[in-house]
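Trainee: This is the structure I have questions about; it appears just below.
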Amino acid sequence: MTKINENLTFETLMKKIKTYITDQEKLELITQAYDLANNKHYGQFRRSGESYITHPLNVAYILTEINADYETLCAALLHDVVEDCNVTLEEIQEQFGDNIKILVDGVTKINKLSFGAEKEAELANQRKILVGLADDVRVIIVKLADRLHNMRTLWAIPEPRQKAKAKETLDILVPIAHRLGMYKIKSELEDLSLRYYKPEVYFGIVERLNKTKQERDKIVKEMLTSVSQLLDENNIKHEIKGRAKSIYSIYNKMDKGKSFNDIYDLNALRIFVNTIPECYQVLGIIHSKYTPKPNRFKDYIAMPKSNMYQSLHTTIFGNNGYLFEIQIRTYKMDEIAENGIASHWSYKEGNKKTMQDIMEKKLFFFKSIMELQEENDQEFVESVKQDVFENTIYVFTPNGNVIELPNGATPLDFAYKVHTDVGNTTVGALVNDNIVPLTYQLKTNDIVKINTSKNSSPNRQWLNIVKTHQAKNKIKNYFNKIEKNEFIKKGEEALIRELKRKKIKENEFLNETNIEKILTAYKLKNIEELYTNIGSNKIVVGSIINLITKEEKTKEEIVLDKIQNKSLEKENAKTDVIVEGIDNIKINISACCNPIPGDNIMGYITKGSGISIHIDTCPNIRNAEERLIDVHWNKTTTKRYPVNLLVTTNNTKNILVDIIAKTTNNNITVTSINVLNENTRYKLTILVENKEILTKLINDLNSIPDTIKIERLMQ
Ligand code: MN
């Protein structure tokens, strides 16, 4: 069972590698890794008396049996050079790149830890640390292979250390191998550990197995022939293998109180077929001939184990009443059953990191960790869960590219991730061919299409919608740029206006000396910055002019400046609606009827929260005359107000793009869209400056073919 291969050479290893890695560059790198390891370990020997290099060679060889990729193989060859040969991680990185360095670093770190504890909780914690230290699951896989080779050669070390190593393997590494689904390695580790940890038990079982071997072999062979014939009669292509129970699994059952003779599934068959339907067919055929033992049937195909193991299990009364455990699986299931997380190496196309690949890896890894932690550390489970699942989703572009986004990301985050221009001109989104609002939360596997319009621009509301910093920053940048340009323009105009009023010639005032003086006085970098500050009312125009025209201000002028500043502030603080005779009162534009400038409005005096503004026909104020007061719109307001519209069409064809185009033409922002009644009704919320613009939009929307009516919703 144990394959000790101390005479393994690099040539033999390479021959094995070449059966599945053909890329010359990768093979070259593996050779370099061997050369470095061979050089550095030169003159070092193992306890077994062999040159040290046989160890990394064997670790790599174990990994070739699960088709490990070239980076893992390089790391396996190099895994002891940092700790034992003073090679630095920088040197490894330089020669082999980041990934291999990370793997070697991970294995080195793990190998520095010493494990061992009595309490299960502490052991679980140590497994957690080991798993947590590995940034990449391949680190753990190399570690398992490393330990497997050390266990195969454990005879060479003194007995107390043998026992300690064996126990550590059973306590720490076997559960990890189990959770990763790597049964083949797990099973060998278990048997080797038992051999050193409890030799008398181990050899006791071996002896009894040997005694009964001849008889069991005969029974199994007969049964195998019968079942195979049965399947042939039913035209099912298959393979059957007799299966030896591992010594450790027998020990486990005996440890749970069963006697050797009671272990009824000592006889076991494994049947391989090509497809899942065939698995169930085989099960049916077998059950129709052999009586199944009650409560022993398990369907791990429909309900895979958390480490992704799949098979059908049943125990039947076979020929002459001998009990047989039968496992039925496809070849692909077998690969997963044997190698678990490592099985994806066998199915990966080339080296392309497909989405499924990434997901599968993460999924496997997460599930393994979660199970490891099951009873112990809920918090840790949560944080891993967050890292793996809650933090990241994968969605597709219409032509199949994968975009990675944080969970909670919206179509806008997607659009900005694709390209800033796409984000800035987004007008709508389709997810899996359905229209969604821009606030929609994307899910893994969504196919996202962004509708853009050249003339469209971002909306400030978006800052509250997007999840990613990237999108947020891009939107902010957009507005900062626009604002800055506006302020510059406004500032320049304000200065020129004031100069004109004071009859000062512009080109005389703005000579180099004066500009220098102003910039120094206000600690500004350039004239644009000066205009920005004027435009945003941070600097008052009068004070700039005073700075040049009069060196020193009189007290009166200082007072005047102050008054001027104050009036400027007041002008800015104008409210949307003016309540005759009352200043400084809190005004709320009501959200029930959503009035906009141009609507006839009334003020409703609320209890304690100012005046709320309604359209005069709003049903909510109908019977409240004693609380109503006259108000009117402030003509200078340039704010935009929300309005809800209901668009009804008699066509199920998607007219959303038309709707968006019309709003864009009118420079109106759509803040949300809901599709009602199978695409025939759309509810939109828009931001609009006044009734005139709204009326024009409604007319435009009416001109879309198949539109029946446009309603402004009051409630
Ligand atoms: Mn090692």
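The values are calculated or read from the model by the stated rules, or taken from the named source; none is laboratory data. On a predicted model such as this, the values are computed, not experimentally measured, just so you know. Cβ: placed from backbone, ideal geometry, glycine included. Neighbour counts: every protein chain shown. Side chains are part of the model used for accessible areas, which takes the heavy atoms of the whole protein and leaves out ligands, DNA and RNA. Shrake-Rupley method; radii C 1.70, N 1.55, O 1.52, S 1.80 Å.
Trainee: Please work out which residue is most open to solvent (accessible area, probe 1.4 Å), limiting yourself to the stretch 513-531 and to residues that are at pLDDT 85 or above and charged (D, E, K, R).
Mentor: Lys525
Trainee: Scan the stretch 323-338 residue by residue and report those that are surrounded by fewer than 17 Cβ atoms within 10 Å (Cβ to Cβ) and among the aromatic types (Phe, Trp, Tyr). Break it down into steps so the answer makes sense when it comes.
Mentor: Initially, the stretch 323-338 is screened for residues surrounded by fewer than 17 Cβ atoms within 10 Å (Cβ to Cβ), giving 323, 331-332.
Across the stretch 323-338, the qualifying residue is only Tyr331.
Trainee: Identify all residues within the stretch 67-83 that are under 31 Å from the mean Cα position of the chain (by Cα) and within 10 Å of the ligand (Cβ to nearest atom); write none if there are none.
Mentor: Within the stretch 67-83, Ala76, His79 meet the criteria.
Trainee: Being charged (D, E, K, R) and in contact (Cβ under 8 Å) with a residue 40 or more places away in the chain is the filter; apply it to the stretch 413-447 and report the residue that is nearest to Ala471 (Cα to Cα). Break it down into steps so the answer makes sense when it comes.
Mentor: From the stretch 413-447, those charged (D, E, K, R) are 413, 417, 421, 433, 443, 446; that's our starting set.
After this cut, where a residue has to be in contact (Cβ under 8 Å) with a residue 40 or more places away in the chain as well, the list is 413, 417, 443, 446.
On the way: Asp413: 6, Lys417: 7, Lys443: 18, Asp446: 19 Å.
Here the answer is Asp413.
Trainee: Can you list residue pairs whose Cβ atoms sit under 8 Å apart, with the first residue in the stretch 103-124 being among the small types (Gly, Ala, Ser) and assigned to a loop (DSSP other than H, G, I, E, B) and the second being modelled with pLDDT of 80 or more and open to solvent by less than 40 Å² (accessible area, probe 1.4 Å)? Count only pairs 6 or more apart in sequence or on different chains.
Mentor: Gly116/Glu168; Gly116/Asp171; Ala117/Asp171
Trainee: While we're on this one: Could you list, in sequence order, the residues of the stretch 154-176 that are in contact (Cβ under 8 Å) with a residue 60 or more places away in the chain and open to solvent by less than 10 Å² (accessible area, probe 1.4 Å)?
Mentor: Hit for the stretch 154-176 is Ile176, nothing else.
Trainee: Looking only at the stretch 225-247, count every residue that is closer than 15 Å to Ile285 by Cβ and within 48 Å of the chain's Cα centre (by Cα) and tell me the total.
Mentor: 10
Trainee: Applying the selection to the stretch 141-186, what residues are β-branched (Val, Ile, Thr), in a helix (DSSP H, G or I) and either over 25 Å from Ile102 (Cα atoms) or within 14 Å of the ligand (Cβ to nearest atom) (or both)?
Mentor: Ile141, Val142, Thr169
Trainee: If a residue must be of a type in the set (Asp, Glu) and crowded, with 17+ Cβ neighbours inside 10 Å, how many such residues does the stretch 260-293 contain?
Mentor: Keep residues of the stretch 260-293 that are of a type in the set (Asp, Glu), which gives 262, 265, 278.
Now drop any that are not crowded, with 17+ Cβ neighbours inside 10 Å, which leaves 265, 278.
Within the stretch 260-293, residues that are of a type in the set (Asp, Glu) and crowded, with 17+ Cβ neighbours inside 10 Å number 2.
Trainee: So, one more: Residue by residue through the stretch 50-60, note down the ones that are more than 11 Å from the ligand (Cβ to nearest atom) and in a loop (DSSP other than H, G, I, E, B).
Mentor: Within the stretch 50-60, Glu50, Ile53 qualify.
Trainee: Another one. What number of residues within the stretch 13-49 satisfy the criterion of being crowded, with 17+ Cβ neighbours inside 10 Å, part of a loop (DSSP other than H, G, I, E, B) and away from the ligand (no atom under 13 Å from the Cβ)?
Mentor: Going through the stretch 13-49 one residue at a time, the tally reaches 1.
Trainee: Checking the structure you have, find out if any residue of the stretch 149-159 is over 39 Å from the mean Cα position of the chain (by Cα) and within 29 Å of Thr330 (Cβ to Cβ).
Mentor: no
Trainee: Here is a further query. Which residue is least open to solvent (accessible area, probe 1.4 Å), if the candidates are limited to the stretch 626-677 and must be over 20 Å from Lys696 (Cβ atoms) and of a type in the set (Asp, Glu)?
Mentor: Asp630
Trainee: Going residue by residue through the stretch 607-621, is there one that turns out to be open to solvent by 60 Å² or more (accessible area, probe 1.4 Å), over 26 Å from Val427 (Cβ atoms) and small (Gly, Ala, Ser)? Quick ask: steps written out before the conclusion?
Mentor: Start the filter on the stretch 607-621 by keeping residues that are open to solvent by 60 Å² or more (accessible area, probe 1.4 Å), which leaves 607-608, 616-617, 619-620.
Still in the list and also over 26 Å from Val427 (Cβ atoms): 607-608, 616-617, 619-620.
If we keep only those that are small (Gly, Ala, Ser) too, we end up with 608.
Yes: the stretch 607-621 contains one or more residues that are open to solvent by 60 Å² or more (accessible area, probe 1.4 Å), over 26 Å from Val427 (Cβ atoms) and small (Gly, Ala, Ser).
Trainee: Of the residues that make up the stretch 424-440, is at least one open to solvent by less than 60 Å² (accessible area, probe 1.4 Å) and under 30 Å from Ile534 (Cβ atoms)? Give the steps one after another, and end with the answer.
Mentor: Of the residues in the stretch 424-440, the ones open to solvent by less than 60 Å² (accessible area, probe 1.4 Å) are 424-431, 435-438, 440.
Pick out the ones that are also under 30 Å from Ile534 (Cβ atoms) and you get 424.
Yes - at least one qualifying residue is present in the stretch 424-440.
Trainee: If I ask for residues that are modelled with pLDDT of 90 or more and among the hydroxyl-bearing types (Ser, Thr, Tyr), which ones from the stretch 464-493 would you list?
Mentor: The answer is Tyr478, and nothing else.
Trainee: Moving on. Can you name the residue in the stretch 81-102 that is assigned to a loop (DSSP other than H, G, I, E, B) and open to solvent by 10 Å² or more (accessible area, probe 1.4 Å) and, of all such residues, is nearest to Trp345 (Cα to Cα)? If you could, list the steps in order and put the result at the bottom.
Mentor: First, pick out the residues of the stretch 81-102 that are assigned to a loop (DSSP other than H, G, I, E, B): 86-88, 97.
Narrowing further to those that are open to solvent by 10 Å² or more (accessible area, probe 1.4 Å): 86, 88, 97.
On the way: Asn86: 32, Thr88: 29, Gly97: 21 Å.
Filtering the stretch 81-102 for residues that are assigned to a loop (DSSP other than H, G, I, E, B) and open to solvent by 10 Å² or more (accessible area, probe 1.4 Å), the one nearest to Trp345 (Cα to Cα) comes out as Gly97.
Trainee: Return the total of residues in the stretch 87-99 being touching a residue at least 40 places away in the same chain (Cβ under 8 Å), more than 16 Å from the ligand (Cβ to nearest atom) and more than 29 Å from the chain's Cα centre (by Cα).
Mentor: Quick first cut of the stretch 87-99, residues touching a residue at least 40 places away in the same chain (Cβ under 8 Å) only: 87, 95-96.
Still in the running and more than 16 Å from the ligand (Cβ to nearest atom): 95-96.
With more than 29 Å from the chain's Cα centre (by Cα) added as a condition, the list becomes 95.
Looking only at that region, the number is 1.
Trainee: Now a separate question. May I ask you to verify whether Thr685 is under 37 Å from the mean Cα position of the chain (by Cα) and crowded, with 18+ Cβ neighbours inside 10 Å? Talk me through it step by step, then tell me what you get.
Mentor: On the way: under 37 Å from the mean Cα position of the chain (by Cα): yes; crowded, with 18+ Cβ neighbours inside 10 Å: yes.
So Thr685 passes the test.
Trainee: A further question follows. Go through the stretch 579-604 and give me each residue that's modelled with pLDDT of 80 or more and in a strand (DSSP E or B).
Mentor: As a first pass, look at the stretch 579-604 and keep what is modelled with pLDDT of 80 or more: 587-604.
Hits for the stretch 579-604 are Ile587, Asn588, Ile589, Pro597, Asp599, Ile601, Met602, Gly603, Tyr604.
Trainee: When you go through Ser193, Ser187 one by one, which is the residue that is open to solvent by less than 30 Å² (accessible area, probe 1.4 Å) and among the hydroxyl-bearing types (Ser, Thr, Tyr)?
Mentor: Working: Ser187 fails: open to solvent by less than 30 Å² (accessible area, probe 1.4 Å).
Ser193 is the lone residue from the list that is open to solvent by less than 30 Å² (accessible area, probe 1.4 Å) and among the hydroxyl-bearing types (Ser, Thr, Tyr).
Trainee: Here's another thing I want to ask about it. Mind listing whichever residues of the stretch 494-508 are open to solvent by less than 90 Å² (accessible area, probe 1.4 Å), modelled with pLDDT of 85 or more and part of a helix (DSSP H, G or I)?
Mentor: Just the residues of the stretch 494-508 that are open to solvent by less than 90 Å² (accessible area, probe 1.4 Å), to begin with: 494-496, 498-499, 502, 504, 506.
Then drop every residue that is not modelled with pLDDT of 85 or more, which leaves 494-496, 498-499, 504.
Selection gives Ala494, Leu495, Ile496, Glu498, Leu499.
Trainee: For the stretch 332-451, list the helices (runs of 4 or more DSSP H) that sit wholly inside it and hold at least 2 residues that are modelled with pLDDT of 60 or more; which are they? Can you show your working first?
Mentor: Numbers: elements: 344-347, 355-373, 378-385, 411-418, 420-424.
In the stretch 332-451, the matching helices (runs of 4 or more DSSP H) lie at 344-347, 411-418, 420-424.
Trainee: Within 16 Å of the ligand (Cβ to nearest atom), under 22 Å from Glu168 (Cβ atoms), in the same structural domain as Lys163 (by TED's automatic domain parsing) and open to solvent by less than 30 Å² (accessible area, probe 1.4 Å): does that describe Leu63? Break it down stepwise before answering.
Mentor: Working: within 16 Å of the ligand (Cβ to nearest atom): yes; under 22 Å from Glu168 (Cβ atoms): yes; in the same structural domain as Lys163 (by TED's automatic domain parsing): yes; open to solvent by less than 30 Å² (accessible area, probe 1.4 Å): yes.
Yes: the conditions hold for Leu63.
Trainee: Moving on. So is Tyr300 in contact (Cβ under 8 Å) with a residue 12 or more places away in the chain, in the same structural domain as Val220 (by TED's automatic domain parsing) and open to solvent by 20 Å² or more (accessible area, probe 1.4 Å) or not?
Mentor: On the way: in contact (Cβ under 8 Å) with a residue 12 or more places away in the chain: yes; in the same structural domain as Val220 (by TED's automatic domain parsing): yes; open to solvent by 20 Å² or more (accessible area, probe 1.4 Å): yes.
Yes; evaluated as a whole, the condition is true for this residue.
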